[in-house]
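Asks: After the structure tokens below, expect a handful of questions from me.
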Amino acid sequence: MKRWLCLALAALILCGCTEPAAPLRGAQQSMKGWELYSWQEAGTWQFTLVPGTNRLKTWDEITQEGVAGVVTLKARLATLAEGEQVFWGTELAGGALPPEAIVDQVREYCKTLGLSLVLLP
């Protein structure tokens, strides 16, 4: 029994010494791509990422799904399947693009994920 316990402990220790497995890529897909919205609220940039549709969304719909900060947005983007298109628009009143440094950060992150980011006027 002691020998088995020692072997099991040694196996656990050895398993902990290996490189962690790469995280699985996101698998979320949308036939019409994804819509990304951004706005500033109380000094913090808010983002909403929703499946693309053929209809305009209301400001309430967009802000209801919002997440705070670029780190949280990146976590949401990482759930998308490689090759997905993300359309970043500001067509609704109250929406705006963040400063260029944040836009560049999101753009580069999308590239690393294999996502196509399209900035809309």
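The values are calculated or read from the model by the stated rules, or taken from the named source; none is laboratory data. Please read these numbers as outputs of a predicted model, since none were measured by experiment. Virtual Cβ from ideal backbone geometry, glycine too; neighbours counted across all protein chains shown.
Asks: Does ARG25 fit the bill of being surrounded by 10 or more Cβ atoms within 10 Å (Cβ to Cβ), basic (Lys, Arg) and either part of a loop (DSSP other than H, G, I, E, B) or modelled with pLDDT of 95 or more (or both)?
Replies: When the stated conditions are applied, ARG25 passes them.
Asks: Go through (1) in contact with a Ser or Thr (Cβ under 6 Å, 6 or more places away or on another chain); (2) over 19 Å from TYR109 (Cα atoms); (3) not in a helix (DSSP H, G or I) one by one and return the number of the condition TYR37 breaks.
Replies: (2)
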